[in-house]
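First up is the structure itself, then whatever we jot down about it.
Throughout, read-outs are computed from the coordinates displayed, never taken from laboratory work. From a predicted model like this one, the values you see are computed outputs, not experimental measurements. Cβ sites come from the backbone with ideal geometry, for glycine too, and all protein chains shown count toward neighbours.
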Amino acid sequence: MPQSQQQSRILANDPLTAEVFRLTVYSPEIAVAAAPGQFVMVQVSSSLDPLLRRPFSIHSRGADGSISLLFKVVGRGTALLAKARPGDKIDLLGPFGRGFDLSAAEKPVCLIGGGMGIAPLLFLAQELPGRKHALLGARNRDELAPLAKFFADIGCAVQLATDDGSLGHHGFIPDLLDEVLPDVSQVCTCGPSPMMRGVARKCRAAEVSCQVSLETHMACGMGACLGCAVPGRDGSYVHVCKEGPVFNSEELPWEL
């Protein structure tokens, strides 16, 4: 799918928590080309400092040619991005990567997101027809509640889990999966690797297809810098930015 570079106008930069923001930009060329699971490379400053772009999953797509990005302030680049205001311009490049493949989905699909891994799953939920389950987890209520509302608002059957028990199940997201597995044909997950391994293990036992969206550091988004290379099951290395970020869980050398 072709990529484009756009000077995109910021429509909103909404704080969901003290650290998490939802950035909405008008970027019609990228919006029309994007598929769930893909990402964009963002130049977070109008100068060359910081030099490298930052990768962000496409969180949602609007009918008005907009896309939204979900990000957490964890360093200098995202701190600069948090200061962006409506009307500012931001340089986007994308969309990149291989997204989710739902061509074989016959029954409802289950979306499983942990922490900021929830980011790409809303766009996927928007595009899926019919019923879908959303199992979402985070450290506490403050982090999870604003994100869960987006899924509930578009009709997902939402179940929640928090590490501290302040919202939903007190424990981990894979604990909730057994209940919905008999009802689904596909599971799509993004989040911490231990969580995704647990999800993939349960899916293999139930003979349900599982797709995982990996999160890695990357500098170019095109497979040139090799910064996002991870081991594949056949002993070779795959580039998360090109062959991924979405993989079938069976493509990865995880001990399930």
Between M222 and K107, what is the label-point separation in nm under the 7 Å Cα-to-beta-carbon projection? 4.4 nm
So which of K72/K149; K132/K202; K72/K202; K83/K149; K107/K202; K72/K242 end up more than 26 Å apart, counting from Cα to Cα? K72/K202
Which trypsin sites (Lys or Arg not before Pro) in the range 158-256 sit in a loop by DSSP (not H, G, I, E or B) and have at most 10 other Cβ atoms within 10 Å of their own Cβ? none
Net length gained if the chain between A63 and D234 were fully extended (0.36 nm per residue, minus Cα distance): 57.4 nm
Measure out, as a whole number of angstrom, how far apart the alpha-carbon centroids of the range 148-225 and the range 17-54 sit. 23 Å
G232's amide H: which non-local residues (gap 5+, or another chain) put their own amide H closer than 5 Å, with H modeled 1.01 Å from N in plane and none for Pro or chain starts? Y237, V238
Between T17 and R204, 0.36 nm times their residue separation minus their Cα-Cα distance comes to what? 63.8 nm
With θ set to phi - 60° and the Karplus curve 6.51 cos²θ - 1.76 cosθ + 1.60, what are the ³J(HN,Hα) couplings of the range 124-139 in order, to the nearest whole Hz, using x for Gly and Pro? 4, 4, 4, 8, 7, x, x, 6, 8, 9, 10, 9, 10, x, 7, 5
In debye, nearest 20: dipole of the chain around its Cα centre with unit charges on the Cβ of K, R (+) and D, E (-)? 540 debye
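What FRET efficiency, computed as 1/(1 + (r/R0)^6) with R0 = 22 Å and r the Cβ-Cβ distance, is obtained for W254 and S185, rounded to the nearest 0.05?
With R0 = 22 Å, the Cβ-Cβ based efficiency is 0.55.
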Two-site FRET efficiency, S193 against A157, from Cβ-Cβ distance with R₀ of 22 Å, rounded to 0.05: 0.30
Kirkwood-based Rg over Rh for the range 4-96 (C-alpha set), two decimals? 0.92
Given H placed on each backbone N at 1.01 Å, which residues far from D91 in sequence or on other chains put an amide H within less than 5 Å of it? S8, Q43
Interchain or sequence-distant (5+) residues whose placed amide H lies within less than 5 Å of the amide H of H59 are S68, L69, L70
Given that just one value was derived from the coordinates, which of (1) 24; (2) 37; (3) 28 is percent of Cα pairs over 30 Å apart? (1)
